[in-house]
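This report refers to the structure that appears directly beneath it.
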Amino acid sequence: MDKNKSNSNITPPTEDPSELYPQVPGIDYKDFQLSPDGLSSEKRKSALDKLKEYENKQKIHFLGYQANQKLDYENELKEYLNFHINNIGDPFKSGNFTLNSKFAERAVLDYFASLWNAQWPHQDKPSRDGDDWQNSYWGYILSMGSTEGNINALWNSRDYLGGKFILVDAEAGEVAKEASINGRSVKAQKSLNYYQVQAPKENPNAYTPIAFYSQDTHYSIVKAMRVLNYSTFNEIGSGKFECPLKFPKDYPKGFSEQYLDKYNWPLEVPSNEDGSIFIPALAKLVDFFTTMGYPVHVNFNYGTTFKGAYDDVKEAVKQLVPVLEKNNMYERTIEYSKGKFDTRTGFWFHVDGALGAAYMPFLEMALKENKLQMDSNYRFPIFDFRIKEIHSISMSGHKFIGAPWPCGIYMTKVKYQLQPPDDPMYIGSPDTTFAGSRNGFSALILWDYLSKNSHKNLVDKVVKLNTLASYVDHALHKLQEKIDTELWIERSPLALTIRFKQANPDIIFKYSLSGEELYVNGHKRLYSHIYIMEHVTKELIDELMLDLSKKNAFPAQEDEEENSIKYISTDAKKIIHIPHTGRGFK
Ligand SMILES: *Cc1c(COP(=O)(O)O)cnc(C)c1O
């Protein structure tokens, strides 16, 4: 923008932004800077050429994130770029925004309900006597990725466990009628009213849910906790009670004391070395807090962001159920209005399946069909609605499947939506989607993909990805031997990611490698990882290996804290710890 040209309606820049903003190899910010006059067609063309060149180049070498770049939507779907398709509101209600794709959305949701062993189709009322409609699933396609699904799960769980319920304002019509008597038109605004059950005197904690998630959890969960003002077990317990976990006996092998706070409480539930949640510690913590009457939200990870580990959800649930039963939290009755009762669980189990929920069902099929071999003592970690205690699952659509933009699925059961389910007269329309306007194109993307790929196809794809992941593991070990440098190579069981010592910045940029800082036995280490998604080829891996075999591919690391000035507040209560490393997806 020309500094000297005066236009009283807009501000001129105070500095040249192209000098302040990050330098991007191959891109000159000046080519993209917009002006009040738009850009000339030559300038536009030149910018678009650079854009194409840049994105293509980065796409070809893309290895660091779990985002499939092999997309094939252009032919059949490109015309819909000139439609605004909006699935606003509940996917199972038509609504008046008829330019929507909710019919395709419902088909995609049914597909995943079936794949995740939920009861389908969705029903919001009985269709015949004795119908178990409340056990049917409910869900929607997310406009964001799993971040939105995780927020939605925590929001739902906070209110469900927190003893909130919804009633329709049945008197709205009467009130409006009265108010209109002087001749004004008044809207009969039927509202959904949230009510809050009071905690009984003998248990003041009864409606204060607290959350448990492992140290390998994606930061979207932590962010959601802040947004929703949800407490973690650490916030409630640390500094007030003695931690029920004793170091090191109650911690997994290799756990670093750096992860304990000054009161010897872990900030998050400890993870095993492979990144999966350490079940004995989880069970102890849940026991400790449910004994005090707190309802609990447990977040499981199915494909952790950095290590790609799958929590053994089935086993964890098996160990938690007796604890919940013992402490009267497996099921409880809430009197939401005089003489009116709702039966609810005192826990919420959410599965963050951003990556894994999309393909692990196919991997399970592959194992059953002997298309993939594991040790004889390997037990497939079941995570879905076959476990009847699971409340919700979220999944990202742009990771394994691949989509041009973030999208995903949130799924729960009708009975966990916020409504007194035993009292049809009281029911308002269910508390539904987090977003208002919702991306209706995403439903078409997912529908397109699923209609083009049979289960058999997807099983074969997953087997191929696993084979390539083993190849990478092998190639890295060969490289380690060749360059005679310890590379800390690791792959969690059946993970589509392999982690190793952090590479130099040029390699990181070329392959878009995400990084992570981990403590191992008290030592800080910087890691890179790569993800094997459908677009990754053996040739690309070989090119990476070649780059990694060059001199200075692995810069020396210092096992020390950086020399930054740290401010530690002594008098303020720390309410939450927000990991500012990306845990792999930043
Ligand atoms: C990627 C990821 C998320 C966040 O998903 P987005 O689609 O980026 O919003 C959440 N949890 C896990 C485990 C992830 O890997």
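The values are calculated or read from the model by the stated rules, or taken from the named source; none is laboratory data. Keep in mind that what you see is a predicted model, and the values were worked out from it rather than measured. Cβ sites come from the backbone with ideal geometry, for glycine too, and all protein chains shown count toward neighbours.
Structure above, values below:
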{"item": "Selection count, the stretch 385-420, where residues are within 16 Å of the ligand (Cβ to nearest atom), outside any strand (DSSP E or B) and farther than 21 Å from Asp460 by Cα", "result": "4"}
{"item": "Members of the stretch 204-227 found to be at pLDDT 95 or above and either basic (Lys, Arg) or away from the ligand (no atom under 16 Å from the Cβ) (or both), listed by number", "result": "Pro204, Asn205, Ala206, Tyr207, Thr208, Pro209, Ile210"}
{"item": "Residue list for the stretch 108-147, restricted to those being of a type in the set (Asp, Glu) and at pLDDT 95 or above", "result": "Asp110"}
{"item": "Meets criteria (assigned to a loop (DSSP other than H, G, I, E, B) and crowded, with 22+ Cβ neighbours inside 10 Å) for Val536", "result": "yes"}
{"item": "Qualifying positions in the stretch 245-264 - crowded, with 17+ Cβ neighbours inside 10 Å and either among the aliphatic types (A, V, I, L, M) or at pLDDT 95 or above (or both)", "result": "Leu245, Asp250, Tyr251, Pro252, Leu260"}
{"item": "Odd one out for Leu363 among (1) surrounded by 20 or more Cβ atoms within 10 Å (Cβ to Cβ); (2) within 16 Å of the ligand (Cβ to nearest atom)", "result": "(2)"}
{"item": "Residue under evaluation Ile507, criteria (1) modelled with pLDDT under 65; (2) closer than 30 Å to Lys464 by Cβ, criterion not met", "result": "(1)"}
{"item": "Selection from the stretch 54-72 of residues that are within 17 Å of Leu355 (Cα to Cα) and among the polar types (S, T, N, Q)", "result": "Gln66, Asn68, Gln69"}
{"item": "Residue count, the stretch 494-521 (criterion: touching a Ser or Thr at 6+ places or on another chain (Cβ under 9 Å) and part of a loop (DSSP other than H, G, I, E, B))", "result": "5"}
{"item": "Output for the stretch 291-323, where each listed residue is under 19 Å from Leu418 (Cα atoms) and not in a loop (DSSP other than H, G, I, E, B)", "result": "Val296, His297, Val298"}
{"item": "Qualifying position, being within 16 Å of the ligand (Cβ to nearest atom) and either within 30 Å of Tyr213 (Cβ to Cβ) or of a type in the set (Gly, Ala, Ser) (or both), among Leu115, Leu154, Leu161", "result": "Leu154"}
{"item": "Candidate set from the stretch 366-386 (those that are within 25 Å of the chain's Cα centre (by Cα) and surrounded by fewer than 17 Cβ atoms within 10 Å (Cβ to Cβ)); member that is farthest from Asp311 (Cα to Cα)", "result": "Arg386"}
{"item": "The stretch 324-353, residues that are surrounded by 21 or more Cβ atoms within 10 Å (Cβ to Cβ) and either assigned to a helix (DSSP H, G or I) or within 16 Å of the ligand (Cβ to nearest atom) (or both)", "result": "Leu324, Phe349, His350, Val351, Asp352, Gly353"}
{"item": "Condition broken by Arg491, with the remaining ones in (1) closer than 20 Å to Thr537 by Cα; (2) of a type in the set (Lys, Arg); (3) surrounded by fewer than 20 Cβ atoms within 10 Å (Cβ to Cβ) satisfied", "result": "(3)"}
{"item": "Matching entry among Ser442, Ser514, Ser437, Ser528 (being surrounded by 21 or more Cβ atoms within 10 Å (Cβ to Cβ) and under 30 Å from Phe97 (Cα atoms))", "result": "Ser442"}
{"item": "Failed item, numbered, when Arg106 is tested on (1) of a type in the set (D, E, K, R); (2) closer than 28 Å to Asp342 by Cβ; (3) in a helix (DSSP H, G or I); (4) touching a helix residue (DSSP H, G or I) at 6+ places or on another chain (Cβ under 7 Å)", "result": "(4)"}
{"item": "Odd one out for Pro295, checked against (1) over 16 Å from Tyr330 (Cα atoms); (2) away from the ligand (no atom under 16 Å from the Cβ); (3) buried (at least 23 other Cβ atoms within 10 Å of the Cβ)", "result": "(1)"}
